[in-house]
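Trainee: I'd like to ask you about the structure that follows.
The values are calculated or read from the model by the stated rules, or taken from the named source; none is laboratory data. Here the structure is a predicted model, which is why all the values come from computation and not from measurement. For neighbour counting, all protein chains shown are included, and Cβ atoms are generated from backbone atoms with ideal geometry for every residue, glycine included.
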Amino acid sequence: MSGNGLHVGTGGYANERPPSSTGSAEMDPATDPASSGFFSNDYKRHDDLKSMLDSNKDTSKLEAMKRIIGMVAKGKDASDLFPAVVKNVVSKNLEVKKLVYVYLTRYAEEQQDLALLSISTFQRALKDPNQLIRASALRVLSSIRVQMIAPIMMLAIKESVMDMSPFVRKTAAHAIPKMYSLDPEQKEQLIEVIEKLLADKTTLVAGSAIQAFEEVCPERIDLIHKNYRKLCNLLVDVEEWGQVVIINMLTRYARTQFTNPNKDEMQDEADRPFYDTDKEEEEEGAAEEKPQPKTYIMDPDHRLLLRQTKPLLNSRNAAVVMAVAQLYHHCAPKSEVGIVSRSLIRLLRSHKEVQYVVLCNIATMSIKRKGMFEPYLKSFYVRMNDPAPIKLLKLEILTNLATETNISTILRELQTYVTSSDKEFAAATIQAIGRCASSIAEITDTCLNGLVRLMSNRDESVVAESVVVIKKLLQTQSSGHKDIIIHMARMVDTITVPMARASILWLIGEYSDRVPKIAPDVLRKMAKGFISEEDIVKLQILNLAAKLFITNSKQTKLLVQYVFNLAKYDQNYDIRDRARFLRQVVMPGENSRGLFTKHAKKIFLATKPAPVLESKFKDRDQFQLGTLSHVINKRSTGYQELPDWPEVEPDPSVRNVEVVMPWTEKTTTKERKDKKPKKEAFYSDEESSSADEDSEEESSDDESEEDSSEEESNQEESDDESGSDGDEKSEKSEESKEDSEDESEEENSDEESEEGSEESDSASEEEVKPKARVTNKTDKKTPGAPAQSTGPASRDFLLDLDDCKCNECLVCIALKSSVIDKVTLYCHCNK
Amino acid sequence: MIHSFFIINNTGDVFMEKHWKSVINKSICDYFFEEQSKCASVDDVPPIIVTPHHYLINIYKNQLYFVAVVTTEVPPLFVTEFLHRAVEIFTDYFQECTETSLKDNYVIVYELLDEMLDNGFPLAMEANILKELIKPPNFLRTITDTVTGKSTGVSGTLPTGQLSNVPWRRTGVKYTNNEAYFDVIEEIDAIIDKSGSTVIAEITGYVDCLVKLSGMPDLTLSFINPRLLDDVSFHPCIRFKRWESERVLSFVPPDGNFRLISYHIASNNTVAIPIQLRHNILYREGSAGKFDVQISPKQTMGKTVENVVLECTFPKSVLNVTLTPTQGKYSFDPVGKVMTWDVGRIEPSKYPGIKGNISLQTGAPIPEANPPLTLHFSISQLALSGLKVNRLDMYGEKYKPFKGVKYLTKAGKFQVRT
């Protein structure tokens, strides 16, 4: 090996070699190093790579690993290099190490025995002082899908959930589902671990913990109770991807733990237009203030969830917006669902894939909640260069939204689509017109006339579609329209699309009493060309023949017999069967008694129920919105049914977390769990906690208010009452409160930094300059702290004041001299 | 959640794959190809394809298909959003996200994908964090690496952002020139009907930023007329509370390029249409069809309309067009039947026009409807909605940054029915 290293060293002088392949060139000077990886013979395939990996120079190892990862990325098989690669897991070079890790996760499954060689390295790395190394070791260890190491993995996970670093804990949360898929029997133990993670108070962990919960034990909803309020309050600060998972889980939670807010209105699902979305705030306030009929009172926790998710409608992440929208759709009182529509419409400007999914969801929502999207009708107008699936979805929504008032606008718009050069789209438009016509009685005649005009269109598919739609429409109409039927009978000669021909024939057969003279003639024409027709047309000819024979046997007897005879020898057995059957029923032979014959008229010419023209999305509401199953309209693997509201609300007290007054005792873990994340939260609103927590918070705030003006204490009071609906108001007062704090408590500036960094800039313009500088000092420190500190101090860079006993920092001094005596602020002395 | 990931180029070559759980053979992409072959246009491929055991969620971008394979229930937007975000990050790393740039940087792409997801669930998606973990390719660094023999491609410590309250910002940022640029970009989506009246017009706007500021600046951006913004989506760095109460944008910005907000101004507000078309299109048998379009500015607030491009997709029965523009150049793509007229800028003195004949296939029926026209244009130094930045204040750092605001109005989906 050392000799090899020397060679490489000398190779450096040989300028004719490309520098990137020095290692391999030395070992195998005969082959061209660049191509040998791919073109050399099988038996010495990758020889150069192997020798590069064996060299003791990091650069050549790195080069080799890069090429190997390149092969992995391209999907080429690099598994025979496993022994050579796995040795390098101990490499000191971080980049090499990382690439080896990447390689291991890809191939460990195929080379289980060899993979075991690397385990001890990971075990050692799990104890590394560097949190990144611990985390990545856990990541790789858990990604090696080797049954045998399951116990080691379990141990590692258990240890890591107690890790100081939230990043490692997050990785542990990710490892849980991996472990579960490797060994489902460990479920019980894993649930214990999940329980611990759920109690975690950092925003970094929350999303991943819930994801693990969803994958391992979604049925254990009881684990959520104690964490519910914390999750709601944390939500704003969790990263976007975690938000999606949490909101989806909370939707399910809400459906099992709260009662239906719309129970009283279940009966009148009338589509009264909702309200102007501009008035949403007032509306929301009103909904809460006026007592709902039949005394429905929303659980404060239910309200908390809705309130905390609302700001997320402004997220840049479409998935988050959709998650909130489906939450409101499934769990909010009817009057409040409207606020999501505007955000959904905004998503329509996004990428076409996002558009597609959002439109699917709007299509389902718009069936039940017309009023919600009616103001945005025009956003669903089709552009000719929209992708085909999007055009169809928009059309669907336009039809769903049609009401008596807007139908003329919609029809005018649909008219322009009919002439589109995209014939499939034009055909879909005709169907849409048909649906509008059948749902809104006033326009049925107008639509019918329009469709009849379309029948003289040059394009065959348009004509065919109109015929089919007219047939359906006529069926829903009880009388009249003789002229249309005559017109259609004439078209039999020209139309060639089978479906359309079949429709016309059926129509003439069904309403032959309205056109007694024409019907037999049509049958004559059809009989002439019977053999060259499509199967579905033949079947309809037989039907027509049978019906005509019943109503008008004198004129048509011979003709009918002729048709039946032709059908008897048809190639298609369905047609032969049908012919035989019809013949027996309508014109029984001498030896059969013809039991059915006297009832034939009842059988064939009974009034048939009209087809219902309805949305394709009608049945989709069985699926939870925003899910994959909803979009594909099929139950996908792992889909969880959205439970129905419980009749009686389960005990709400399960969500109560024991509240310990922070200043009475050393903070208990439980108390911390609840308090801490709120404080850490950089951007979350502090006033937003639920009412019972508010009281506690208020009391702590009160103290800091000692020198604040009266005006504010007034506001404070109003806060108390406002409970849930005073959302905006209370925020404002919060802001101003902070302002005054900034101004008045100069000496406390340090300990305020947490709040200061959040709100410091809210101070008035002239105050800002000196103030901001102070805040900044700590601001800079904050993110910097956790990286360097790995020892005991790294647990969280902010310590609870209780823990600070240094008696030196500003907070402690202030506390002693009882300038303040509240415990909710944090100090930065890190002791 | 996300099981595997494939990148497919236009010729159907699966040139990159990554698996976060067990390996799925790339033959799964055959289902995708099957579905793709059914579609007339690349845009029509359904974003979600169902196969017996897997679901393929795909996006199409830069002539590439990015396909994610999932096996269990997952919010589809979650996956789509991830794919788009991944493409954005690649673009950020390699300046462009094309087949060549991805192929040139196989290893980095693979490492990035490995960092982004863990077990199929997003781990680090912030460009600022990723850039600390895996350094973007950089010419200077490559040289230092070769000279010193060390590799600096990956970082050994956890990026501090990951744990902080501002995960989108790197720490220890240092610039000699501190500058912050804000581009207010607005796109008009409109449908204009035959008679020239507006069927629908909406404005979608963005504030895109390039922030190169040292340390941890805390910025406050205020608008003269924030009431205009009633439907906004925010970058996570924005303090929602401040917006709700004071209508100012207060944030600690990420480092580099990012989109601060995007907003949507709905149709109920009247939107001034800056350009108008006069058109006369007539089909007749043979080569006697007529095509005559004139463009004139309408409400441009005294600004010049630039980069005007007119597109017209003719029906299949059109063979060719012979046109003479008064300004600019036109081209006709005989396969897609698309006529593109590159007009350039509209001078206030004379309005551009294009005139000529359409030749139809003989014997083919005369198309019954005229083709819709699509317009592209841009107007610089104008935000059509009237949105104006009032001031930008910086707190928390002592230096004086250079600040710049730019306005631009563009045509989004601007269609004229004829």
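Trainee: Considering only residues that are touching a Gly at 6+ places or on another chain (Cβ under 9 Å) and touching a residue at least 24 places away in the same chain (Cβ under 8 Å), which ones fall in the stretch A:82-98?
Mentor: Selection gives A:E95, A:K98.
Trainee: Does B:G386 satisfy the condition of being outside any strand (DSSP E or B) and surrounded by fewer than 16 Cβ atoms within 10 Å (Cβ to Cβ)?
Mentor: Spelling it out, B:G386 is indeed outside any strand (DSSP E or B) and surrounded by fewer than 16 Cβ atoms within 10 Å (Cβ to Cβ).
Trainee: Continuing with this model, one more query. Which numbered condition in (1) over 18 Å from B:Y399 (Cβ atoms); (2) at pLDDT below 90; (3) under 25 Å from the mean Cα position of the chain (by Cα); (4) more than 12 Å from chain A (Cβ to nearest Cβ) is the only one that B:D231 fails?
Mentor: (4)
Trainee: Follow-up question, since we're still on this one. Output yes when any residue across the stretch A:148-160 is aliphatic (A, V, I, L, M), closer than 30 Å to A:R255 by Cα and in contact (Cβ under 8 Å) with a residue 12 or more places away in the chain, and no when none is.
Mentor: no
Trainee: Moving on. Of everything in the stretch B:15-35 that's among the aromatic types (F, W, Y) and outside any loop (DSSP other than H, G, I, E, B), which residue is surrounded by the most Cβ atoms within 10 Å (Cβ to Cβ)?
Mentor: Only one residue fits best here, namely B:F32.
Trainee: So, one more: Can you pull out the residues in the stretch B:4-16 that are within 11 Å of chain A (Cβ to nearest Cβ) and either of a type in the set (G, A, S) or farther than 18 Å from B:T98 by Cβ (or both)?
Mentor: B:S4
Trainee: Turning to a different aspect of this structure: If a residue must be buried (at least 18 other Cβ atoms within 10 Å of the Cβ), closer than 24 Å to B:G412 by Cβ and either of a type in the set (A, V, I, L, M) or facing chain A (nearest Cβ under 7 Å) (or both), how many such residues does the stretch B:203-223 contain?
Mentor: Of the residues in that region, 4 qualify.
Trainee: Identify, from the list A:R307, A:R346, A:R342, A:R303, the residue that is touching a His at 6+ places or on another chain (Cβ under 6 Å) and in a helix (DSSP H, G or I).
Mentor: A:R346
Trainee: Would you confirm whether or not the stretch A:82-93 contains a residue that is more than 14 Å from every other protein chain (Cβ to nearest Cβ), over 38 Å from the mean Cα position of the chain (by Cα) and more than 21 Å from A:K50 (Cβ to Cβ)?
Mentor: No, that holds for no residue.
Trainee: Quick check on the stretch A:613-631: of everything there that is hydrophobic (A, V, I, L, M, F, W, C) and touching a residue at least 24 places away in the same chain (Cβ under 8 Å), which residue is farthest from the other protein chains (Cβ to nearest Cβ)?
Mentor: Among residues in the stretch A:613-631 that are hydrophobic (A, V, I, L, M, F, W, C) and touching a residue at least 24 places away in the same chain (Cβ under 8 Å), the one farthest from the other protein chains (Cβ to nearest Cβ) is A:L613.
Trainee: Before we move on, is A:D128 closer than 15 Å to A:D200 by Cβ, within 13 Å of another protein chain (Cβ to nearest Cβ) and outside any helix (DSSP H, G or I)?
Mentor: no
Trainee: Would you confirm whether any residue within the stretch B:111-121 is of a type in the set (G, A, S) and within 14 Å of A:E240 (Cβ to Cβ)?
Mentor: no
Trainee: Continuing with the same structure: Residues of the stretch B:59-113 being touching a Pro at 6+ places or on another chain (Cβ under 9 Å) and away from every other protein chain (no Cβ under 11 Å), which ones?
Mentor: If the condition is that a residue be touching a Pro at 6+ places or on another chain (Cβ under 9 Å) and away from every other protein chain (no Cβ under 11 Å), then B:D92, B:Y93, B:F94 are the ones that fit.
Trainee: Inspect all residues belonging to the stretch B:400-409 and state whether any of them is touching a residue at least 24 places away in the same chain (Cβ under 8 Å) and more than 30 Å from B:S214 (Cα to Cα).
Mentor: Looking for residues that are touching a residue at least 24 places away in the same chain (Cβ under 8 Å) and more than 30 Å from B:S214 (Cα to Cα), one finds at least one in the stretch B:400-409, hence yes.
Trainee: Identify the residue in the stretch B:310-322 that is surrounded by fewer than 19 Cβ atoms within 10 Å (Cβ to Cβ) and more than 14 Å from chain A (Cβ to nearest Cβ) and, among all such residues, is modelled with the highest pLDDT.
Mentor: Residue satisfying both the conditions and the ranking: B:T322.
Trainee: Can you spot a residue in the stretch B:342-353 that is in a strand (DSSP E or B) and either among the acidic types (D, E) or at positive phi (or both)?
Mentor: yes
Trainee: Something else now. Condition check: within 14 Å of chain B (Cβ to nearest Cβ) and either in contact with a Phe, Trp or Tyr (Cβ under 8 Å, 6 or more places away or on another chain) or of a type outside the set (D, E) (or both). Does A:V161 satisfy that?
Mentor: Spelling it out, it is not the case that A:V161 is within 14 Å of chain B (Cβ to nearest Cβ) and either in contact with a Phe, Trp or Tyr (Cβ under 8 Å, 6 or more places away or on another chain) or of a type outside the set (D, E) (or both).
Trainee: State whether the residues of the stretch B:351-368 include one that is more than 30 Å from B:D189 (Cβ to Cβ), within 13 Å of chain A (Cβ to nearest Cβ), modelled with pLDDT of 85 or more and surrounded by fewer than 16 Cβ atoms within 10 Å (Cβ to Cβ).
Mentor: No: zero hits.
Trainee: To continue, here is another question. What's the total number of residues in the stretch A:367-378 that are in contact (Cβ under 8 Å) with a residue 60 or more places away in the chain and facing chain B (nearest Cβ under 9 Å)?
Mentor: Residues meeting the conditions: 1.
Trainee: I would also like to ask the following. What are the residues in the stretch A:379-409 that are at the interface with chain B (Cβ under 10 Å from one of its Cβ atoms), surrounded by 18 or more Cβ atoms within 10 Å (Cβ to Cβ) and of a type outside the set (D, E), if any?
Mentor: Hits for the stretch A:379-409 are A:S379, A:F380, A:Y381, A:V382, A:R383, A:M384, A:P387, A:A388, A:P389, A:I390, A:K391.
Trainee: Return the residues of the stretch A:515-564 that are under 57 Å from the mean Cα position of the chain (by Cα) and of a type in the set (S, T, N, Q); say none if nothing qualifies.
Mentor: Passing the criteria: A:S532, A:Q540, A:N543.
Trainee: Let me ask something else. Return the residues of the stretch B:224-256 that are over 18 Å from A:K310 (Cα atoms), buried (at least 16 other Cβ atoms within 10 Å of the Cβ) and not acidic (D, E); say none if nothing qualifies.
Mentor: Once the filter is applied, which keeps residues that are over 18 Å from A:K310 (Cα atoms), buried (at least 16 other Cβ atoms within 10 Å of the Cβ) and not acidic (D, E), the stretch B:224-256 yields B:P226, B:L228, B:V248, B:L249, B:S250, B:F251, B:V252, B:P253, B:P254, B:G256.
Trainee: Sticking with this one: Out of the stretch B:128-143, which residues are more than 11 Å from every other protein chain (Cβ to nearest Cβ), touching a Lys or Arg at 6+ places or on another chain (Cβ under 9 Å) and at pLDDT 65 or above?
Mentor: B:N128, B:K131
Trainee: Sticking with this one: For residues that are without any contact (Cβ under 8 Å) to a residue 12 or more places away in the chain and within 8 Å of chain B (Cβ to nearest Cβ), scanning just the stretch A:66-81, find the one that is surrounded by the most Cβ atoms within 10 Å (Cβ to Cβ).
Mentor: A:A73
Trainee: Further question on the same structure: Could you list all residues from the stretch A:83-133 that are surrounded by fewer than 20 Cβ atoms within 10 Å (Cβ to Cβ) and closer than 20 Å to A:D47 by Cα?
Mentor: A:P83, A:A84, A:K87, A:Q111, A:L114
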